[in-house]
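Take a look at the structure set out below.
Values in this text are rule-based calculations from the coordinates and carry no lab data. Not measured: the values here are computed from a predicted model. Every residue, glycine among them, receives a Cβ derived from its backbone with ideal geometry; neighbour counts consider all protein chains shown.
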Amino acid sequence: MKVEILYEDSEILVCVKPYGMPVQADKSRDTDLLSYLKTYIFEKEELEEEPYLALVHRLDRPVGGVMVFARTQKAAAALSDQVQDGAMVKYYQAVLTGQLPEEAGELEDYLLKDAKTNTSKVVKKGTKGAKWASLEYEVLDEFETDKGILSYVLIQLHTGRHHQIRVQLAARGAGIYGDTKYNPLFAGAAKQYQQIALFATRLEFAHPATGEHMVFKAEPEGEAFDVIELDEF
């Protein structure tokens, strides 16, 4: 599986994460993005030891899209601060099975993660361990199908909670297309890391060394997004 590199210098590396690839090593032992990129740098620069490369944000395994990695500890700290402060701007495109309440709006919830099942759910404010989650959305288009309406949306993520977009949208009856974990329309389907129709399409941040405003974009592709060009699913 080849990874598209969008930008690289001595401080950062920006790439497009493929659907189905974990961002770091897990029990599956499948090739992960972090290890892939370390090997890429090692071979390209003909190094004698493993390069430093740090993960500063994440994407779920079945989600593709733009990611930035830090090549120095100083860059990692600076980028992590931007993530924590909300200064790193993240946009996603998604296809939903259903309609959202308005053409545009903000969704706010409290989410609770269950480590045993690796899932999250919307809970009441004040629930022990729950974290506030916020995102904005805009409906770009809607498609009539023989099984209901598909919504094509743009999402700006304000907080980075576990499975946040997938959980918040499913809680409104408009789950991500192909999401076997949160969308009941796909429950029971083969669920081993298939692509879902959620893609990190735009990433903005300040370069950790120069302070330059960096913007990177990529467009989704693959079966999960091809569905919006079809008459049925």
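Quick notes on this structure:
- By the rule of a C-alpha distance below 19 Å, with chain neighbours fewer than 8 residues away ignored, the aspartates and glutamates paired with Lys74 are Glu8, Asp9, Glu11, Glu50, Asp85, Glu204, Glu212.
- From phi via Karplus (6.51, -1.76, 1.60), per-residue ³J(HN,Hα) for region 176-188 in Hz, x at Gly/Pro: 5, 4, x, 7, 6, 8, 10, 9, x, 5, 10, 4, x
- GNM remark for the chain: springs join alpha carbons under 10 Å apart, and the peak mean-square fluctuation among Glu49, Glu102, Glu223 falls on Glu49.
- Comparing Met214, Leu135, Leu154 along the charge dipole axis of region 85-233, the residue lying farthest to the positive side is Leu135, per the Cβ-charge model.
- A DSSP coil position with no more than 16 other Cβ atoms inside 10 Å describes the following chymotrypsin sites (Phe, Trp or Tyr not before Pro) in region 13-103: Tyr52.
- When each of Lys17/Lys44; Lys2/Lys124; Lys27/Lys113; Lys2/Lys147; Lys38/Lys125; Lys27/Lys124 is checked by Cα-Cα distance, pairs over 31 Å: Lys2/Lys124; Lys2/Lys147; Lys38/Lys125; Lys27/Lys124
- Distance histogram for region 114-219 (every C-alpha pair counted, 5 angstrom bins, percent rounded to whole numbers): 2, 9, 17, 21, 18, 15, 10, 6, 2, 1, 0
- Degrees separating the helix 73-85 axis from the principal Cα axis of the chain, which is the longest one: 20 degrees
- Applying both filters, DSSP loop and at most 10 other Cβ atoms within 10 Å, to the trypsin sites (Lys or Arg not before Pro) of region 101-148 gives Lys116, Lys124, Lys125, Lys128, Lys147.
- Convex hull volume of the chain per residue (C-alpha atoms, cubic angstrom): 136 Å³
- Using alpha-carbon coordinates, inclination of helix 33-44 to the longest axis of the chain, degrees: 30 degrees
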